[in-house]
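The values are calculated or read from the model by the stated rules, or taken from the named source; none is laboratory data. This is a predicted model, so every value here is computed, not measured. Please note: Cβ atoms are built from the backbone with ideal geometry, for glycine as well, and neighbour counts cover all protein chains shown. These accessible areas exclude ligands, DNA and RNA; they are computed on the full protein's heavy atoms, side chains included. Shrake-Rupley method; radii C 1.70, N 1.55, O 1.52, S 1.80 Å.
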Amino acid sequence: TDLGTYERVDCDWIPGGATVFRAPVFERFPYDPEFAGAFEDNDWSITVKKAGYRLGNAPLATVLHNHLNYSPAAQNDRHYTSQRYDKARLERALRHFYRKHGVLIDDDELYQFLGCQGSDDFLSRVVASA
């Protein structure tokens, strides 16, 4: 066991599905509804860090995340999957994220899913649609 993994460290981003928020911070910085379930945690992390707050891990926490990929019942929920992986919704969220922060999510598979050759190709679409 690497005891270094038990150390608390500052993070640039924390996933929304496994996060404990301090109520006053979350009340001051609620999730941006424009993201509609895509990249809201990335946006929140950037926003909170810009305001001077620190984000950190909780190395001794145990998190159970019943994700779609591991749940046969969730995989069969066509409404959930069609909304969760709706290309137009994901593209809108990425556009909003770029316009708000001036950075792109680093995920080549995401851009390929959206029919782009990478983040540069996506960026050219964002600029072209402005």
Q) Can you tell me how many residues in region 104-125 are touching a residue at least 24 places away in the same chain (Cβ under 8 Å) and farther than 20 Å from TYR85 by Cβ? A) 1
Q) If you go through region 1-28 one residue at a time, how many are hydrophobic (A, V, I, L, M, F, W, C), in a loop (DSSP other than H, G, I, E, B) and touching a residue at least 24 places away in the same chain (Cβ under 8 Å)? A) 5
Q. Do we find a residue being modelled with pLDDT of 75 or more, under 16 Å from the mean Cα position of the chain (by Cα) and either over 19 Å from SER129 (Cβ atoms) or open to solvent by 90 Å² or more (accessible area, probe 1.4 Å) (or both) anywhere in region 88-105?
A. yes
Q) Which of the residues spanning region 41-85 are under 22 Å from TYR31 (Cβ atoms), basic (Lys, Arg) and at pLDDT below 90? A) ARG84
Q) From the residues in region 1-28 that are closer than 21 Å to HIS101 by Cβ and in contact with a Gly (Cβ under 7 Å, 6 or more places away or on another chain), which one is surrounded by the most Cβ atoms within 10 Å (Cβ to Cβ)? A) CYS11
(Q) Tell me the residue from TYR31, TYR53 that is open to solvent by 60 Å² or more (accessible area, probe 1.4 Å), without any contact (Cβ under 8 Å) to a residue 40 or more places away in the chain and under 12 Å from the mean Cα position of the chain (by Cα), please. (A) TYR31
